[in-house]
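As structure tokens, the structure follows; a few thoughts come after it.
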Amino acid sequence: MSEVFVLVQFADGKVSSTTLELVTYGARAGSVTALVLATPGTGAALASQLTTGPITKVVIVESADFSTFGVSATADVLGQMVLSQNPSALLISSSAFGKEVAGCVAVITDSGIITDAVDLASDLQATQIVFGGSTTVHSRVSHGCSIITLRPNSVTPELSPSTPSVEISQIVVNESAKLAQTLSIEPAVKGGRPDLTAANAIVSGGRGTGGDFSPVEEFADVLGAAVGASRAATDAGWYPHSLQVGQTGKTVSPQLYVACGISGAIQHRAGMQTSKTIVVINKDPEAPIFDIADFGVVGDLFAVLPQASQGVRARKSS
Amino acid sequence: MKIAVCVKQVPDSWAEKTMAGGVLDRAGVDAVLNDLDEYAVEEALRIVEAHGGNGEGGAHSIAIVSMGPERATDAARKALSMGADSAVIVSDLALAGSDALATSKVLAAVIASGGFDLVLCGTESTDARMSVVPAMIAQRLGWASLTFAGATDVNPDEKSVTITRDTEVGLEKITAKFPAVISVVEKINEPRYPSFKGIMAAKKKPMQLRDLASVGLSASDVGSDGAWSAVEDAYARPLRSVGIKVVDEGNAGNELVNFLVERKLI
Ligand SMILES: Cc1cc2nc3c(=O)[nH]c(=O)nc-3n(C[C@H](O)[C@H](O)[C@H](O)COP(=O)(O)OP(=O)(O)OC[C@H]3O[C@@H](n4cnc5c(N)ncnc54)[C@H](O)[C@@H]3O)c2cc1C
Ligand SMILES: Nc1ncnc2c1ncn2[C@@H]1O[C@H](COP(=O)(O)O)[C@@H](O)[C@H]1O
């Protein structure tokens, strides 16, 4: 059976749910080797979390260079592993980081790359949704390792217990990958909400909030959702740029997207229109965002959201 | 400093897009300069303007590099009218169907022979939407890669550049020595409109159309032949079914909750 590499994603010392999605896809196409690229001393603890799979093998590479040299160091090590082990595929999550890593590994290994896939078949045919959700494309890598980045939230993980073998690799990062050095990181304040790109549900606010995100946050919290924002809201400084949804922000495709006080400019839609269910609250019945709404409310978000939050709370307590 | 800016001609993002033979049908839609690349042009201008300027009498120069059909000269011309000095457009029938790998190969080939200190790119082309070309160019050239920059700080004397970027991990500061590839996000600046003088001047600026052979590549390196991935089929997705629309008369919040319950979303 062919081997499929999965790059394990983690945040705050935890393996992410996206990793389990990648593993689920990988298991369709071969035996899964999970790659843990970690800073020194942290690999074993991360690897020990990989007990749901099916994961056949875990390979740990530890190096301080992963935090200092980011994409280049990660791609360098993955490139070396792909060249020496010849897996049939390398699966990475479709974040900005993941796509860049994938692109560099494709160059290093002279392999084909497919980004932003929403499904992957056992024969490694990938499905993408393009042109603002209007077109489905099936494609396949025709040369080298199939390097594929997959959008979070596109599959329900099929989990089974696994007791993978754990291997510690001695691969070291090449000097040529140490050109752009991270000097400092001021960590983002997370505020306890789920990560935007991996969230099942997102409530977003736009200019219509007038800067008061409290009803948006309240509704997000009762749903256990992440909070997003339009560019008008991030430009005004109401919300951090890292939570901007859209062409130049994050691309998301949660089960539920609630757009509040957002008009639906094409650049915003580019980041959210593949969401499974879209709910809209907007005062203006002509706002273009209604064109893609499954449930639209023409109304004031300051009236509708608090009532909806109350309604969800009532349902949960009953 | 010698700076190159990669700009792409893309179909207007408002236009309806369709596929023809497994690739985007570009003939049917208006083409414009990828708006995200305007920020890269602007940033290049600001970098040189902070250090003595470009053009006649300036110590620095900005070259536009583009790959695409011949009409990509329009996008390049716009960048020249903003203030860049010269342009190279690689255009060749064999390029049709090129993937990001091939695109980065062509752009890297042009850049490699140009003696540049910095390459600026947008973060994403509005049509391909892969956001991988800048990192691929850097990887091919063996240069430092500084992507998603929200601010740049260039020091020509020390031949170094530091960028700030805002990502999910937080606010990062990343530094590298020349030569480096930088991609910029749209928060970084406000691109200038070309002035009338700029538009007139652009008509006289050198613009080179080059074919593949002149950048040292052959047809088998690029285009559909050199693409390491292939579209097997593509079809229009069913339109989103028309949704429910209610006007709030005091109860829409509750109706919204009912809808979420019906959809098993809560
Ligand atoms: C290069 C480029 C990249 C871009 N990238 C992005 C991107 O990544 N993401 C993004 O979002 N945008 C992006 N934009 C900007 C985009 O074009 C729009 O300007 C932006 O999305 C508008 O944000 P908005 O919908 O919040 O504001 P507006 O368009 O001003 O809409 C506000 C809406 O709120 C409604 N409203 C007002 N008050 C209320 C109320 N009390 N209750 C309910 N509704 C109310 C109004 O009816 C209106 O429809 C980009 C633009 C460019 C040029
Ligand atoms: N054909 C091209 N010609 C010139 N620059 C390009 C081309 N394709 C991509 N780029 C550059 O790479 C950036 C990212 O594009 P992409 O990876 O296609 O999303 C763009 O903003 C451009 O700066």
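The values are calculated or read from the model by the stated rules, or taken from the named source; none is laboratory data. The shown structure was predicted, so the numbers you read here are calculated from the model rather than taken from an experiment. Ideal geometry is used to build each Cβ from the backbone, glycine not excepted, and the neighbour counts take in all protein chains shown. Protein only, heavy atoms only, side chains kept; ligands, DNA and RNA dropped before computing areas. Shrake-Rupley method; radii C 1.70, N 1.55, O 1.52, S 1.80 Å.
Overview of values
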| quantity | calculated |
| --- | --- |
| Evaluation of residue B:90 against (1) under 13 Å from residue B:8 (Cα atoms); (2) away from ligand 1 (no atom under 16 Å from the Cβ); (3) within 14 Å of another protein chain (Cβ to nearest Cβ); (4) open to solvent by less than 10 Å² (accessible area, probe 1.4 Å) (one fails), failing number | (3) |
| The listed residue being away from ligand 1 (no atom under 16 Å from the Cβ), modelled with pLDDT of 90 or more and within 14 Å of chain B (Cβ to nearest Cβ), out of A:146, A:169 | A:146 |
| Positions within the stretch A:291-304 being within 10 Å of residue B:253 (Cα to Cα), facing chain B (nearest Cβ under 7 Å) and in a helix (DSSP H, G or I), in sequence order | A:303, A:304 |
| Only one of A:60, A:55 that is in a loop (DSSP other than H, G, I, E, B) and open to solvent by less than 40 Å² (accessible area, probe 1.4 Å) | A:55 |
| Only one of A:262, A:278, A:289 that is modelled with pLDDT of 95 or more and more than 11 Å from ligand 1 (Cβ to nearest atom) | A:278 |
| Cross-chain or 6+ apart pairs with Cβ under 7 Å, the stretch A:151-162 first and closer than 13 Å to residue A:26 by Cα, then at pLDDT 85 or above | A:155/A:21; A:155/A:24; A:155/A:25; A:157/A:20; A:157/A:21; A:157/A:24; A:158/A:24; A:159/A:20 |
| Among the candidates B:218, B:224, residue that is open to solvent by 20 Å² or more (accessible area, probe 1.4 Å) and either within 16 Å of ligand 1 (Cβ to nearest atom) or away from chain A (no Cβ under 11 Å) (or both) | B:218 |
| Counted residues, the stretch B:163-175 - those being at the interface with chain A (Cβ under 7 Å from one of its Cβ atoms) and touching a Ser or Thr at 6+ places or on another chain (Cβ under 7 Å) | 8 |
| Filter pass, residue A:287 being open to solvent by less than 10 Å² (accessible area, probe 1.4 Å) and either in contact with a Gly (Cβ under 9 Å, 6 or more places away or on another chain) or outside the structural domain of residue A:209 (by TED's automatic domain parsing) (or both) | yes |
| Selection within the stretch A:182-192 - in contact with a strand residue (DSSP E or B) (Cβ under 8 Å, 6 or more places away or on another chain) and open to solvent by 60 Å² or more (accessible area, probe 1.4 Å) | A:183, A:185, A:186, A:187 |
| Residue match in the stretch A:298-314 (condition: surrounded by fewer than 21 Cβ atoms within 10 Å (Cβ to Cβ), farther than 15 Å from residue A:219 by Cα, at pLDDT below 95 and more than 16 Å from ligand 2 (Cβ to nearest atom)) | no |
| Number of positions in the stretch A:249-269 that are open to solvent by less than 30 Å² (accessible area, probe 1.4 Å) and under 19 Å from residue A:198 (Cα atoms) | 9 |
| Residue in the stretch B:135-150 that is more than 7 Å from chain A (Cβ to nearest Cβ), surrounded by 24 or more Cβ atoms within 10 Å (Cβ to Cβ) and in a helix (DSSP H, G or I) present | yes |
| Pairs where the first residue, in the stretch A:201-230, is over 28 Å from residue A:154 (Cα atoms) and more than 9 Å from ligand 1 (Cβ to nearest atom) and the second is of a type outside the set (Lys, Arg) and assigned to a loop (DSSP other than H, G, I, E, B), C-beta under 6 Å, 6+ apart | A:211/A:238 |
